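> Sharing a structure below in C-alpha cells format, with a few things to ask.
Readers should treat all values here as calculations from the given coordinates under stated rules, not as data from a laboratory. Since we're looking at a predicted model, the values are computed, not measured. Heads up, the Cβs are rebuilt from the backbone with ideal geometry, glycines too, and the neighbour counts pull from every protein chain shown.
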Amino acid sequence: MLKKLTERFTNVIDNVVGKYKLSDSNIKDILKKIRKSLIDADVSWDVIKVFINSIKKKVIGMEITRKVSPSNLFIKIVHDELISIMGGAHEPIFNTIKSKKPNVILLVGLQGVGKTSTTVKLAYWLKNIKKKSVSVVSCDIYRPAAIQQLSMLSKKNDINCFVYDGNIIDSNSIVKKAVDYSSSISDDYLIIDSAGRLHIDNSMMEEIKSIYDVAIPTEVFLVVDGMVGQDAINSVNVFCDNLLITGFILTKMDGDTRGGVILSISYITKKPIRFLCVGETATSLEYFHPDRIASRILGMGDISTLLEDVSKNISNDDISKLSDKASNKIKMDLNDFKLQLEQMLKMGGINSVVDKIPGANKFSDKIKNIDDKYFIKMIAIVNSMTLKERKFPNLINGSRKRRIAGGSGTHVQNVNNMLKQFNSMQKLWKKCSNKTSISKLLKDKFPMLGNINQ
C-alpha cells in the first residue's frame, strides 16, 4: 500500500537520518524534495502548500536537545504533519448503538468504486471484529445483477442479506422493507448498498436523498476509489455539498495508488477517512489510523496493525500449537511449514505483511514483489506428500520429488526450492525455541518500537 509514496519519502528521510546539523540550505533542499514527492503522489496543491509551510515554521522554531538529534526531531515533525493533514486523531466509531435498532449505515459513491464488495467487508468487520449483528441490502435496481452480486458475496462470507422476493420495485420500498426486516430480528446494524452512476447527476442525488429520508442513517460513508488521485476530490465535494457525509472509505488501496486522495481528502472536506480496503477478501478492510499510515509512509512500518492481523486471522489453537512445539524444542516439520504459509495468506499475503514491517522499504525488490501464487504453489507441493514425508522431510529423495512434482502440477525444481525455503524456516524456528513471544522478537529486532501489547 502506498509503495511509491513510501519509497519517495524514505529516500528523502535517508538523506536526513544521522545528520547532527540541519542548515537553512539543506532544510530548503529537503523540503523541495518532499514537495516533489507530494506532487508526484497527486496531492492537492492547497494541501502541499499548507504541509510544507507548517513543517518549515516548526523546523525554524524547533529546540534541539543533546538527547535527540536534529534529524530525528525533523522526522517527528514530518510524521506529525502527515497525521494532521490526514485528519488527526478521531474518536472510534460503532462503540455505542442507538436504542432504536437497527442503526443504519448508508454507502454512497460513483459506479465502479467497489460499493458492493465494501458493503460485505464492512458487514464482516462489524460482525467479526465488533461482534455486532448486522444485515445488508442492495437497493441498486439499475445495474444488472447488482442485488444478486451482494447476495452471493454475503452468502460466501456468512453475512445476512435481505433480498426482496417480489417484483422489482423502487429503491425506497426496498429500503423500507429491509429496515422493517432488520428491526424484526433485532439487528444492531443494517448496511445499505445504494445505486451509483458513472457520473454524478441530479436523479442520483435525489434518489439518495430520498433513501436517506426513509432510512434515517446514523452514518453515511462515501466510497472513493483510492487509485483515482486528486481528480476524485471534485466528485467528493459534490457529494459533501448535497449529503450529510460522515466519513470516507477508500478502496483499492492495495493497488499501485499514488496516495493523493489519502493525503488530501480529509484536509479539504474536514471529514474523516474511516476505512481502507486493502484487498479483495472480506477480511481486507482496515480501520483508518492516521498515525499508523504516517508511519508506513515514512518507512517505519505498522506493528500495531500487524499484530491485529495476527490476532484476527490466526486462531489461538494454531498459535498455541506452534508455540508449544517451539518452546519444547520439537523440530519443525512440513505440516508446521504449511500452516505458516496458510497463515501468511490469511493475513493478506507477503506484501501485506512486509508493508507493515519497519524498514520494509530496504528489502530487495525480489522480496517485495513475491507473488502470493508462490506460496499457494508451495502449499500444493506439501499437500502432494505422504504424511510420513511431511513428518520426516529427509526421506524425500529424487524419485519422491518427481512423484510430488507430478501430483502438485509443478516441477522438481519447484520442490527443491520449497525444501530450501523450509530449511531456512527451520533455522529461524530454532531461534524461537526459548518461548520468545512475537512482541519480544519484534522489539529485539526493532528496539525503537518500545512496548508492544500482544
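> Can you give the FRET efficiency to the nearest 0.05 for ASP165 and VAL238, using r as the Cβ-Cβ distance and R₀ = 35 Å?
0.50
> Sticking with this one: When a footprinting reagent is the concern and you count Cβ atoms within 10 Å, what order do ILE13, ILE376, ILE93, ILE191 take, fewest first?
ILE376, ILE93, ILE13, ILE191
> Separate question: Checking the table LYS338/LYS401; LYS98/LYS270; LYS331/LYS377 against a 27 Å threshold on Cα-Cα, which pairs fail?
Violating the 27 Å limit, Cα to Cα: no pairs.
> Which order do SER54, SER151 fall in if you start with the one that has the fewest other Cβ atoms within 10 Å?
SER54, SER151
> Ordered by packing density, taken as the mean number of other Cβ atoms within 10 Å over each peptide's residues, highest first, how do 227-235, 409-417, 269-277 rank?
With the highest mean Cβ count within 10 Å placed first, the list reads 269-277, 227-235, 409-417.
> Can you sort TRP45, TRP125 so the residue with the fewest Cβ neighbours within 10 Å comes first?
So the ranking, lowest neighbour count to highest, is TRP45, TRP125.
> With each pseudo-label sitting 7 Å past Cα toward Cβ, what's the ILE60-GLN426 distance in nm, one decimal?
6.3
> Each residue of the stretch 286-296 in order: what ³J(HN,Hα) in whole Hz does its phi give by Karplus 6.51 cos²θ - 1.76 cosθ + 1.60, θ = phi - 60°, with x for Gly and Pro?
10, 5, 7, 10, x, 5, 5, 5, 4, 5, 5
> To continue, here is another question. For ASP158 and TRP45 in the same chain, what is the full-extension length gain: residue separation times 0.36 nm, less their Cα-Cα distance, in nm?
So the chain would gain 36.3 nm between ASP158 and TRP45.
> I've got another one for you. What pairs in LYS100/LYS131; LYS76/LYS127; LYS3/LYS131; LYS177/LYS209; LYS155/LYS177 have C-alpha atoms more than 26 Å from each other?
Beyond 26 Å: LYS76/LYS127; LYS3/LYS131.
> With r defined as the distance between the Cβ atoms of ASN72 and LYS130 and R0 fixed at 41 Å, what FRET efficiency is calculated, to the nearest 0.05?
0.65
> Between GLN413 and ASP201, what FRET efficiency comes out of the Förster formula 1/(1 + (r/R0)^6) with R0 = 60 Å and r the beta carbon distance, rounded to 0.05?
0.60
> Can you give the extra length, in nm with one decimal, that the chain gains between GLN111 and SER183 once fully stretched, where that is 0.36 nm per residue apart less the Cα-Cα distance?
Extra length from GLN111 to SER183 when fully extended: 23.0 nm.
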